[in-house]
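This report concerns only the one structure given below.
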Amino acid sequence: MLHEISYWRRWYLKSAYNGNKIAQNNLGIYYYYDKGTYKNEKKAFERYMKSAIAGYAEGQCNLGFCYENGIGTIKDNKKAFEWYSRYLKMEMR
């Protein structure tokens, strides 16, 4: 199982390097949940931010969650609300 996670993590890293917003979000998940790498909330936040700015709805939701709970950043309910709102707008299309 760990070998399989490591395999996918390598592909996500390559895709993220090339600007893939879904890969950025998935790497955030890997860092947040300690899958195939060490747990690093700051790196998870950074990956979610890149994904969210690129317009990926799930990345926007994850970024809102980070701001709401102070994961990898300072807790900020205003920014959490902004990112959750962007996520909802994307999902309502």
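The values are calculated or read from the model by the stated rules, or taken from the named source; none is laboratory data. Keep in mind that this is a model prediction, so the values were computed, not measured. With ideal geometry, Cβ positions are generated from the backbone for all residues, glycine too; neighbour counts draw on all protein chains shown.
If only one of GLY72, GLY55, GLY36 is closer than 27 Å to ARG93 by Cα and out of contact with any strand residue (DSSP E or B) (no Cβ under 6 Å at 6 or more places or on another chain), which one is it?
GLY55
Name every residue in the stretch 61-75 that is assigned to a loop (DSSP other than H, G, I, E, B) and free of Cβ contacts under 8 Å to residues at least 24 places away in the same chain, in order of residue number.
GLY70, ILE74, LYS75
Kindly indicate the residue of the stretch 1-31 that is of a type in the set (Gly, Ala, Ser), over 13 Å from the mean Cα position of the chain (by Cα) and surrounded by 11 or more Cβ atoms within 10 Å (Cβ to Cβ) and also modelled with the lowest pLDDT among those meeting that condition.
SER6
Out of the stretch 3-34, which residues are of a type outside the set (A, V, I, L, M) and in contact with a Phe, Trp or Tyr (Cβ under 9 Å, 6 or more places away or on another chain)?
TRP8, ARG9, TYR12, ASN20, LYS21, GLN24, ASN25, ASN26, GLY28, TYR30, TYR31, TYR32
Would you mind stating whether ALA23 is more than 15 Å from MET90 (Cβ to Cβ) and part of a helix (DSSP H, G or I)?
Against the criterion (more than 15 Å from MET90 (Cβ to Cβ) and part of a helix (DSSP H, G or I)), ALA23 qualifies.
Within the stretch 26-69, can you find the residues that are within 17 Å of SER6 (Cβ to Cβ) and among the acidic types (Asp, Glu)?
Matches in the stretch 26-69: ASP34 only.
Is one or more of the residues making up the stretch 76-85 in contact with a helix residue (DSSP H, G or I) (Cβ under 6 Å, 6 or more places away or on another chain), assigned to a helix (DSSP H, G or I), surrounded by 13 or more Cβ atoms within 10 Å (Cβ to Cβ) and touching a residue at least 24 places away in the same chain (Cβ under 8 Å)? Spell out the reasoning first.
Here is the first cut: in the stretch 76-85, the ones in contact with a helix residue (DSSP H, G or I) (Cβ under 6 Å, 6 or more places away or on another chain) are 76, 79-80, 83-84.
After this cut, where a residue has to be assigned to a helix (DSSP H, G or I) as well, the list is 79-80, 83-84.
In the following step, the residues that additionally are surrounded by 13 or more Cβ atoms within 10 Å (Cβ to Cβ) were identified as 79-80, 83-84.
Within this subset, residues satisfying the condition of being touching a residue at least 24 places away in the same chain (Cβ under 8 Å) are 83-84.
Among the residues of the stretch 76-85, at least one is in contact with a helix residue (DSSP H, G or I) (Cβ under 6 Å, 6 or more places away or on another chain), assigned to a helix (DSSP H, G or I), surrounded by 13 or more Cβ atoms within 10 Å (Cβ to Cβ) and touching a residue at least 24 places away in the same chain (Cβ under 8 Å), which makes the answer yes.
If you scan the stretch 32-60, which residues turn out to be in contact with a helix residue (DSSP H, G or I) (Cβ under 6 Å, 6 or more places away or on another chain), modelled with pLDDT of 90 or more and either loosely packed, with under 13 Cβ neighbours inside 10 Å or not in a helix (DSSP H, G or I) (or both)?
Within the stretch 32-60, ASN40, ALA54, TYR56 qualify.
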